[in-house]
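The values are calculated or read from the model by the stated rules, or taken from the named source; none is laboratory data. In this text, all values refer to a predicted model and were calculated from it rather than measured experimentally. For neighbour counting, all protein chains shown are included, and Cβ atoms are generated from backbone atoms with ideal geometry for every residue, glycine included.
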Amino acid sequence: MEVIDTVAELRLDHVVILVDDLPRAVKNYITLGFNVVPGGEHAGGRTHNAIIPFRDGSYLELVAFKYRWVRPLAVLLRWMRLLDPLVEGRPPLERRFLLRSVAGEGLVDFALLPERIEVELARARRRGLALEGPLAGGRVRPDGAEVAWQLGVPAETGLPFLCCDVTPRHLRVPDGMLRRHPNGALGIAGVDVAVNDLATAVRKYEALLGTPPQPLPVPATEGVRRAVFEKKETNVTLVAPSTAQHGLQREIGARGEGVYAVRLRADARVRDGLLDPVRTHGARLSFVH
């Protein structure tokens, strides 16, 4: 058996939710009891975002294309079987968002936070993963402050990307009272990732994270097989349909492999349960204790 070399803890950085209308999405998430902070415009000027920061240091990112016609065009190009070749020259994150946007608004990606991105990229490559990077990223906040980071982007959408701060982290992720939400949200407890083949996905996540799932395997329940990677703050659960007719399989067919659902940690006064998918703009978000 291959020995996996020791790595620093890769903790969850953020989860990306693609929306069509950013101001409308911000209003809906405020209605749900979240503090939402305007993020600004990304480098290149094609997308802009808003941030929902949590006490555990993670956050939800609401991101939208600046031009409303982009996603409908992506849908048309997918129908014409032209989308894949046409996105090849786009920046890697934009390419991932476009490919997963054809199924509509909702969860499109998530990122892990490395201490030293060059080290993590080298380790992942030694284990056979193909990642682009380090790539420069950034945005300009509404107050004019410039935020910069570096990215490591896997070739496959089923794996998360790496996002490492260059400027001080508080410039990218708001802190203080903004992390205390009226609805009691404390952080991100778990991320479910939809995959086609569980064994293949487990090997790739072992290569990226440097640790095996616990336990492996988890028996199939309700037509889904699972493998859980236990992290310090946030568990990453791979979920694979055990039958071709399962709804999860249809989701993968429409959106591709990738983040499927997110469980938000909440304080004791909050009831467990799924948030209104209309107000979350299609993102499967639920509260858990």
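A compact table of results
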{"read-out": "Residues located in segment 147-165, provided they are surrounded by fewer than 17 Cβ atoms within 10 Å (Cβ to Cβ) and free of Cβ contacts under 8 Å to residues at least 24 places away in the same chain", "value": "Ala148"}
{"read-out": "Residue check, Ala50 out of contact with any Pro (no Cβ under 8 Å at 6 or more places or on another chain) and aliphatic (A, V, I, L, M)", "value": "no"}
{"read-out": "Filtered residues of segment 22-67 (kept if surrounded by 17 or more Cβ atoms within 10 Å (Cβ to Cβ), farther than 17 Å from Leu285 by Cβ and in contact with a Ser or Thr (Cβ under 7 Å, 6 or more places away or on another chain))", "value": "Ala64, Phe65"}
{"read-out": "Ser101 being at pLDDT 85 or above and assigned by TED's automatic domain parsing to the domain that holds Leu162", "value": "no"}
{"read-out": "Candidates Val70, Val16 - the one that is within 26 Å of Asp192 (Cβ to Cβ) and surrounded by 14 or more Cβ atoms within 10 Å (Cβ to Cβ)", "value": "Val16"}
{"read-out": "When residues of segment 75-105 are limited to those that are surrounded by 21 or more Cβ atoms within 10 Å (Cβ to Cβ) and of a type outside the set (Ser, Thr, Tyr), the one farthest from the chain's Cα centre (by Cα)", "value": "Leu98"}
{"read-out": "Residue match in segment 21-30 (condition: more than 19 Å from the chain's Cα centre (by Cα), polar (S, T, N, Q), at pLDDT 80 or above and under 23 Å from Pro142 (Cβ atoms))", "value": "yes"}
{"read-out": "Residue that is farthest from Ile188 (Cα to Cα), among those in segment 265-285 that are among the charged types (D, E, K, R) and free of Cβ contacts under 8 Å to residues at least 40 places away in the same chain", "value": "Arg271"}
{"read-out": "Test result for Gly39, in the same structural domain as Ala148 (by TED's automatic domain parsing) and on the phi > 0 side of the Ramachandran plot", "value": "no"}
{"read-out": "Residue identified as buried (at least 21 other Cβ atoms within 10 Å of the Cβ), in the same structural domain as Val195 (by TED's automatic domain parsing), modelled with pLDDT of 85 or more and aliphatic (A, V, I, L, M) among Val236, Val278, Val228", "value": "Val236"}
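Listed here are the residues, each with its yes/no results for (1) touching a helix residue (DSSP H, G or I) at 6+ places or on another chain (Cβ under 8 Å); (2) free of Cβ contacts under 8 Å to residues at least 60 places away in the same chain; (3) polar (S, T, N, Q); (4) part of a strand (DSSP E or B).
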residue	(1), (2), (3), (4)
Leu238	yes, yes, no, yes
Thr243	yes, yes, yes, no
Arg250	no, yes, no, no
Gly253	no, yes, no, no
Val259	no, no, no, yes
Arg263	no, no, no, yes
